[in-house]
Amino acid sequence: MKSESLPYYNNRMTACNSIVDYEDVLKTRSTLPRGFRAGSVGMTFHPRELPGDKLYPMNLSLIELIDATDSAAGVFTRNAFPGAPVLLCRERLEGSQIKGVLINNKVANVCAPGGYEDACRVTESLAEAAGGGPEQWLYASTGVIGWKLPVQEICTALPDLTHCLQADSVLTAAKGIMTTDRYPKIRSARVGDVTIVGIAKGAGMIEPDMATMLAFIMTDADLSRHDLSRALHEAAEDSFNVISVDGDQSTSDMAILLSSRMASAPDYSDFIAALRQVCGDLARDIVRNGEGTAHVIEVSVSGARNGREARGVAKAVVNSPLVKTAIYGNDPNIGRLVSSLGDYAGNMDIPLNRQALTICLGDELIFASGEFRISPEIETRLSAYLEKKSFSPELKGYPEHDETVQIEIDLQNGTGFARVWGSDLSYEYIRENAEYRS
């Protein structure tokens, strides 16, 4: 029997055979914490930057606190060209009260003429439609970088958005924030009387330094702004900051954590454990959801001189295009693993003892005592292993399984450890990004 003082994670295995199966899983995770409402509506607009009169779809999603809260936190991209919503949220999280967050897809509102003023105009209209002051509303945008927000069309749709809000499920909002995502992502946990629910979008431009794409986490835990911010930063460091799809950090990355403070606070250690689990599951869902992803790659590095060094080595391997493409092709070209490791170590002046270092792919020891361990039998087993861990790179509305390709590297230089998750590189990724605005 579970102790009520310990976190309970609603993390059923996500392997599914259909969209219906996956939505059944999501429904078990999507119940909103007390004090929240959420909803989403669709609209159309014509980008002023493009010729012709083609209309594009856009979703507006809203997460609303029934009563404004002083318990809100965020982590953001370190990209030197942050979007206007990132600038707005950073400022407003310094204020006294937050009422909720509006999210639009399709247009990222980055370096567009008058972009910050446009975001402010939208939140002014939102305050008129939903209540609260304009400064109490956060705003997040994702989509094409450089396009200007269709402010008039958004403001016109806001009354309909506020009318569709409900307090039962976050599923419509999880769907609404998607762009090239294959499917919505929801994770949840309970700690005693406290609920934590998170949603996220992200499929490309994933290599975060503070957060990852867009993630919105809701709880009813009675925690101060200071404790909430501390918890989010700790959780992001071990989840959103250790994933990569393509090595590009977006201009719009953010993770927002809001609390209605309507449930008694659990022990902080239990809360942070549950929050870490929710954020970690969302982060791995993002990798699995990556554009054209056919394998999720899990790289563990031990024996480094410190954790930062271990993380750098792991990301160097998981971000290598040659490693990514080999894994996509179910080709156990293990020389590429050693080459990417040696490239990073040599250029970062990391000492390696070839005789002591070991590398495993799955359960196979492939490098030891300074030499490769290769044979026809090992090649056959490794090819079968990679094929078993793969899934279809084409767009689907559900995850086929939650398997990962596991690479373990022991540097034998110290006690530093890190684990990162990344994706392979497929033809589908190229097609998706070549035709992104089409």
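Highest mean packing first, where packing is the average number of other Cβ atoms within 10 Å per residue, the peptides 225-231, 134-140 line up as 134-140, 225-231. So for the stretch 294-409, taking the charge dipole from beta-carbon charges (+1 Lys/Arg, -1 Asp/Glu), which of TYR328, ALA314, VAL296 sits furthest toward the positive end? Farthest towards the positive end: ALA314. Each Lys and Arg adds +1 at its Cβ and each Asp and Glu adds -1 at its Cβ; summed about the Cα centre, the stretch 109-168 shows a dipole of about 180 debye.
Helices from the chain with mean Kyte-Doolittle at least -0.5 and a Cα length along the axis of 20 Å or more, per DSSP H: which?
Within the chain the helices that satisfy the rule are 115-130, 268-288.
Take the Cβ atoms of ASP67 and HIS46, set R0 to 35 Å, and the FRET efficiency comes out at 0.35. Carbon and sulfur atoms: what percent of the 1.4 Å accessible area of the chain do they account for? Its accessible area is 50 percent carbon and sulfur atoms.
A DSSP coil position with no more than 15 other Cβ atoms inside 10 Å describes none of the GluC sites (Glu not before Pro) in the stretch 280-349. Taking the charge dipole of the stretch 11-65 about its Cα centre, with +1 at Lys and Arg Cβ atoms and -1 at Asp and Glu Cβ atoms, the residue from MET58, ASN17, THR28 reaching farthest to the positive side is THR28.
Run the dipole for the stretch 385-431 about the Cα centre, Lys and Arg Cβ at +1, Asp and Glu Cβ at -1, nothing else charged, and hand back the magnitude in debye, nearest 20.
Approximately 100 debye in magnitude.
Modelled spin labels at CYS111 and GLU371, positioned 7 Å past Cα toward Cβ, are 5.3 nm from each other.
For the residue pairs LYS201/LYS389; LYS185/LYS324; LYS148/LYS201; LYS106/LYS148; LYS54/LYS185, alpha carbon separations beyond 19 Å are given by LYS201/LYS389; LYS185/LYS324; LYS148/LYS201; LYS54/LYS185. Name the residue, out of THR404, THR358, THR77, whose mean-square fluctuation peaks in a Gaussian network model built on the chain with Cα pairs under 10 Å. Highest fluctuation among the options: THR358. For the pair ASP168 and ARG308, a Förster radius of 45 Å applied to the C-beta separation gives a FRET efficiency near 0.55, rounded to the nearest 0.05. Relative to the Cα centre, what is the charge dipole magnitude of the chain, using +1 at the beta carbon of each Lys and Arg, -1 at the beta carbon of each Asp and Glu, and rounding to the nearest 20 debye? About 120 debye. Close amide H pairs (under 5 Å, H built 1.01 Å from N) link LEU214 with LYS201, MET254, residues at least 5 positions away or on another chain. Ordering HIS46, LEU411, GLY131 by the projection of their Cα atoms onto the charge dipole of the chain, which places +1 on the Cβ of Lys and Arg and -1 on the Cβ of Asp and Glu, puts GLY131 at the extreme positive end. Our coupling estimate for the stretch 173-179, obtained by passing each phi through the Karplus curve with A = 6.51, B = -1.76, C = 1.60 and θ = phi - 60°, is 5, 4, 6, x, 7, 6, 10 Hz, Gly and Pro reported as x. Packing order of peptides 51-60, 268-277, highest average first: 268-277, 51-60 (average count of other Cβ atoms within 10 Å over each peptide's residues). Multiplying each eigenvalue of the alpha-carbon gyration tensor of the stretch 58-124 by 5 and taking the square root yields semi-axes of 20, 15, 11 Å, largest first, rounded to whole angstroms. Shown for the chain is the translational diffusion coefficient from the Stokes-Einstein equation, using the Kirkwood radius over Cα pairs, a temperature of 37 °C and a viscosity of 0.692 mPa s: 146 µm²/s. For the listed peptides 156-164, 348-356, a ranking on the average number of other beta carbons within 10 Å per residue, highest first, reads 156-164, 348-356. Taken over the alpha carbons of the stretch 302-438 as equal point scatterers, the Debye sum produces base-10 log I(q)/I(0) values at 0.12, 0.22 Å⁻¹ of -0.52, -1.39. Is the C-alpha gyration tensor of the stretch 63-214 telling us rounded, prolate or oblate? Criteria: a/c under 1.5 is rounded; beyond that, a/b larger than b/c is prolate, otherwise oblate. Cα axes put the stretch 63-214 in the rounded bin.
Convex hull over the Cα atoms of the stretch 11-149, averaged projected area in nm²?
Numbers: hull surface 43.3 nm².
Mean projected area of the Cα convex hull: 10.8 nm².
Compared with the rule-of-thumb size 2.2 N^0.38 Å for a compact globular protein, the stretch 100-183 has a Cα radius of gyration ratio of 1.09.
P(r) tail for the stretch 242-348: Cα pairs beyond 22 Å make up 47% of the total. Centre-to-centre, using Cα atoms only, the stretch 78-107 and the stretch 331-359 are separated by 40 Å. Based on protein heavy atoms only, the chain ends up with 40 Å² per residue of surface accessible to a 1.4 Å probe.
The values are calculated or read from the model by the stated rules, or taken from the named source; none is laboratory data. Everything numeric here is computed off the predicted structure, so don't read it as measured data. No Cβ is skipped: glycine too gets one built from the backbone with ideal geometry, and neighbour counts run over all protein chains shown. Side chains are part of the model used for accessible areas, which takes the heavy atoms of the whole protein and leaves out ligands, DNA and RNA. Shrake-Rupley method; radii C 1.70, N 1.55, O 1.52, S 1.80 Å.
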